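Presented below is the structure to which this report refers.
The values are calculated or read from the model by the stated rules, or taken from the named source; none is laboratory data. Remember, it's a predicted structure, so these values are computed and weren't measured experimentally. No Cβ is skipped: glycine too gets one built from the backbone with ideal geometry, and neighbour counts run over all protein chains shown. These accessible areas exclude ligands, DNA and RNA; they are computed on the full protein's heavy atoms, side chains included. Shrake-Rupley method; radii C 1.70, N 1.55, O 1.52, S 1.80 Å.
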Amino acid sequence: MFETTVAGSLPKPAWLAETKTLWPAWKAEGAERDAAKRDATLLWLKEQEDAGIDIVTDGEQSRQHFVHGFLEQVEGIDFSKKVKMGIRNNRYDAMVPTVTGPLRLRGRVHATEAQLMRAHTRKKIKFTLPGPMTIIDTIADGYYGDRVKMAMAFADLINEEARALQADGIDVIQIDEPAFNVYMDEVTVWGIEALERCLKNLTCTTGVHICYGYGIEANIAWKKTLGDEWRQYEKIFPALAASSVQQISLECANSKVPLSLLGLLKGKDVLVGVIDVASDVVETPEQVAATIAEARQYLAPERIFPCTNCGMAPMDRGIALAKLRALSAGAKLACEALG
């Protein structure tokens, strides 16, 4: 009954890129790098299948970073003009490119990865795209002079690629918006509108991933300041529940998000994070099943999709794989508990 999936990214093999980092340097160039990306994508497709994951992803193996992998195919961005900018309300700094002109796609962004997945698995496949609010929090504006205007321009480009991905045979398109729990007032003012713009005219399953961030030190330190209960979602869940997006992905394992807040997502499927990506400790199937059981107090079983808390890009590859196996085994235990 419980279909399992992952939030999106998976660790890159050491022969493709640097490991255990969010901004890894590639190990090859040109055609050799393209072949390595293809190999890594096929490897993780097989690993997910063998682990028992029901809805698989490309693991974002072809993207150096979940945002900038999309931006590389956008005209109007100057990657040689990088500036230091605070990310997620200055939680950490990054060197980011600058928007210098009107934004347009050069062509298809992720056709190669999407078509490769569709040709090599019979599983349902999910593709992740960065959301407009998160993008504008990860790039400098030297042209629009208006955050919302720039975000809506990116939303149109995301929608253009999303519709093409749907035509490639992608079953689920997920917009990644970790910035939704940073700029919560803006979520209700224009963030949901931008999300809807990303998903316009899509007939495949649609989702949004919101989270408290990867398991990197800057995020771990920030979480320690949030108190005993993380209730930020209380402010935005009603708006998400009223939106057209079908799935909401969030963290539940070892987080301080009160699972009672899931009751605010009435009518939505929830990708319940049952795997902690900020810890190298591999969950037991019993622990995974227990998190699912707690979520069932607030969600109908058919609304629950066991998932990872967030992307696994910075993790050790072997640990990530062990966690995927635990995810699948725990979902089976939870299903057996239903009789």
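Can you give me the % of accessible surface on region 116-194 that is carbon or sulfur? Probe 1.4 Å, all protein chains present, nothing else counted. Write down the numbers at each step before the final one.
Numbers: 1250 of 2630 Å².
Ligands and nucleic acids excluded, carbon and sulfur give 48 percent.
FRET efficiency for E193 and A337, Cβ-Cβ distance as r, R0 = 35 Å, nearest 0.05?
Values: r = 40 Å, r/R0 = 1.15.
Calculated transfer efficiency: 0.30.
Potential lengthening of the chain between T225 and V281 amounts to 17.9 nm, from the contour at 0.36 nm per residue minus the alpha-carbon distance.
Counting only protein heavy atoms and a 1.4 Å probe, the chain has 40 square angstrom of accessible area per residue.
Sequence-distant contacts, meaning Cα pairs under 8 Å at least 6 residues apart, place the relative contact order of region 243-302 at 40 percent.
Averaging the sequence gap over all C-alpha pairs within less than 8 Å and six or more residues apart, then dividing by the number of residues, gives the chain a relative contact order of 21 percent.
Once the Cβ-Cβ distance of D141 and W23 is raised to the sixth power relative to R0 = 25 Å, the FRET efficiency obtained is 0.75. (1) 28.6; (2) 19.0; (3) 15.4: which one is mean projected area of the Cα convex hull in nm² as calculated from this entry? Read-out taken from this structure: (3).
Only aspartates and glutamates eight or more places from K27 in sequence, or on another chain, were considered; those with a Cα closer than 13 Å are E18. Straight-line cross-link reach from K235 at under 27 Å between alpha-carbon atoms covers these lysines, not counting any fewer than eight positions away in the same chain: K149, K200, K223, K224, K256, K266, K268.
How high is the relative contact order of region 97-231, in percent, counting Cα pairs under 8 Å that sit 6 or more residues apart?
Details: 172 pairs, mean separation 38.3, N = 135.
Taking the mean separation of contacting Cα pairs over the length of region 97-231, I get 28 percent.
Computed in the context of the full set of protein chains, the accessible area of region 199-238 at 1.4 Å probe radius has 49% of its extent on carbon or sulfur. The lysines whose alpha-carbon is closer than 19 Å to the alpha-carbon of K20, local same-chain residues fewer than 8 away aside, are K12, K37, K323.
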